[in-house]
Every structure is written in C-alpha cells, then in structure tokens.
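Notes for the one structure printed next.
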Amino acid sequence: MSQAMHRLWKYRYLTLMLLPTTIVIILHSYLPMFGVFIAFKNINYIDGIWRSPWVGLDNFDFLFSSGSLVRITRNTILYSLVFMVVNLVASVAFAVGVNELRKRWLARGYQSLIILPHFLSMVVVSYLVYAFLHPEHGFVNATVLRWLGEDAIYWYTEKGYWPYILVLVNAWKGVGIGAVIYIAAIAGIDPEYYEAAVIDGASKWKQTIHITLPSIQAIIIIMTILSMGSIFNADFGLFYQVPQDSGALYPVTDVVDTYVYRSLMKMNDIGMSSAAALVQSVVGFIMVILTNWTVRRINPEQALF
C-alpha cells in the first residue's frame, strides 16, 4: 500500500466527514463549469444548447462595446473595494469588542443580534430602507429632518447620498457574519499571552494592537485574498432592490450585474449573460492570483497558496 493510501486509510473517518462537503462543491461549483461553452454560442431554443451555432466572441461585444462599460466597471470595482475595507475593519472591531465582554451571555446576545440581518433577503431589506427613506412618511424625513427643521429629501432621486447608503446597508447586513470567523480566531489565542501582557502593565488597547491583531493577521489576509475573487461581482439585490431600480440613481447604483439584467430582460439572450458571468469569473480568478502573489512577495508564510 502506498504512503498516500496508508494516510487515507489512517484518517478514513476524517475523510468521510469531508465527503458531504466535497460532493456539494462538485455538484454546485465544478459540474456547472461545463456550461461555459454557452458564452460562445447563439442559443436557439429550437435547436437546443448542443446544436445551437457557435458565434465565437460575439457575445462579449455586448459588454465591451457598451457605452456604459466605464461606468458599470467603475461602480462595481470601487464599491467592492469599499465594501471590503469597511466590512473588514468593522468585523474585526466587533470581534475584538465581543471578546472583551466578560459576561458570556451578553457577548452571545450581541453576536446573535448583529448576525440576524445576514439572514434577511434583500427584498425585506429594501422595504426596511424604504421605511426610513420614504419621501413623505419615512422615519428620516417625517421624524429626524422635521425635528431638525430641515426640508424633506427625495432620497430616490438624489444620487449623491446613495454611495453612503449602500455602504451602510451592506455593512449592516454583512458585518455580523464576517465577525464570526474573527471571533473564532481570537478564541484560539493562548490566554497566557494576555496574562503576561497584564503583568507587564499593558492596557487593553496595547493588548489588542500587539497580541490580538498580529495573532489573527493570517486569517485577515486569507479572507482578503478570497474577497478579491468577487471584486468584479456585485450583490444584485443590494444594487437593484434597495434603490428600487430608480433611473435617476443609475450613475451611482448601476453595476455589471444590474446592467446585464436590464439588458437581457429586453434581449432574452442567455449566451450574452453567460459571457458576462464568464468575464466576472475570469477577472475574479486573476485578482485572487495577483493578490496572493503580492502577499507571497511580501511574506511567503502568509500567502494562501
């Protein structure tokens, strides 16, 4: 028996535990890759997928020859970068704060409360935002601005506010689930480090800077590398449902996903949508490779692969 087979047999129970996850990944991540060829075909429902004619790169012209390419690319990438930075800082800060709570029941309560928004669909979130921003009866206009003596703001026609609103909504929905990973990483830090720091007179702030953050640095880098894979992908629900698909907001809310959706609702061409999805995947793959290469050049031990 080879060494590899011997190790596989030795850890057979751990291998069996990985089996369900492996099957799910194969079914949902690898098998669908065979559909990539749709991006290079002019799909005809009469001829079917297999017999539809090949069109080469014609489907990609829809995306690259669009007059809105610069706008949707700029919005998609900039929002992704801002979301990444804001959510990372907020998630780590929340994880550190929860770790400092001495009452475990209080820490679990805060953690459950901030994770809850993650499980709400964007349709529900859009109605919650609408309840705040309704031109006449929204909480902000009817209560806050009226109390301050300010005029009502028609939020769904004023594009200047929406970059901040979208960042806030995304953080509110995603910070909780992101903090779970960092809370688990902090829980794995040896308590003796903190005990030694207390003996040396280190404050909580210095303990965080010199013990907590360096200890979870590897996790932060790994999560950042993985996040770079979705830099050209946007949360469709966030950019379509929350702004209520308002045309006046397109300059700041239109991203690749929403633009493709609106265009294909008119053309009904799945070949073009597949081409757009393929471009997003390729860009994401390249960004992961480049980010990992950069990390490897700086510190090889922190690289993902």
| said: Let me spell it out: the conditions are (1) in contact with a helix residue (DSSP H, G or I) (Cβ under 6 Å, 6 or more places away or on another chain); (2) outside any helix (DSSP H, G or I); (3) not charged (D, E, K, R), and residue 38 meets all of them except one. Which number is the exception? | reply: (2)
| said: If I ask for residues that are open to solvent by 50 Å² or more (accessible area, probe 1.4 Å) and part of a helix (DSSP H, G or I), which ones from region 221-234 would you list? | reply: 222, 223, 226
| query | Name the residues in region 78-118 that are more than 20 Å from residue 177 (Cβ to Cβ) and either hydroxyl-bearing (Ser, Thr, Tyr) or modelled with pLDDT of 90 or more (or both), would you? | reply | 78
| query | Between a first residue in region 74-88 that is assigned to a helix (DSSP H, G or I) and a second residue that is open to solvent by 50 Å² or more (accessible area, probe 1.4 Å), which pairs have beta carbons less than 8 Å apart while being 6 or more apart in sequence or on different chains? | reply | 76/233; 80/230; 80/233; 88/223
| query | Within region 33-60, can you find the residues that are open to solvent by 70 Å² or more (accessible area, probe 1.4 Å) and either of a type in the set (Lys, Arg) or within 28 Å of the chain's Cα centre (by Cα) (or both)? | reply | 33, 34, 51
| request: Could you check residue 72 against (1) touching a Phe, Trp or Tyr at 6+ places or on another chain (Cβ under 6 Å); (2) more than 27 Å from residue 223 (Cα to Cα) and say which number it fails? | output: (2)
| remark: Of the residues in region 255-272 that are open to solvent by less than 40 Å² (accessible area, probe 1.4 Å) and polar (S, T, N, Q), the one that is farthest from the chain's Cα centre (by Cα) is 263
| message | Checking the conditions here, which among 252, 198 is at pLDDT 85 or above, over 30 Å from residue 121 (Cα atoms) and open to solvent by 20 Å² or more (accessible area, probe 1.4 Å)? | response | 198
| task | Hey, can you tell me all the residues within region 61-114 that are under 18 Å from the mean Cα position of the chain (by Cα) and among the hydroxyl-bearing types (Ser, Thr, Tyr)? | result | 73, 76, 79, 80, 91
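The values are calculated or read from the model by the stated rules, or taken from the named source; none is laboratory data. Since this is a predicted model, take the numbers as computed values, not measurements. Ideal geometry is used to build each Cβ from the backbone, glycine not excepted, and the neighbour counts take in all protein chains shown. Protein only, heavy atoms only, side chains kept; ligands, DNA and RNA dropped before computing areas. Shrake-Rupley method; radii C 1.70, N 1.55, O 1.52, S 1.80 Å.
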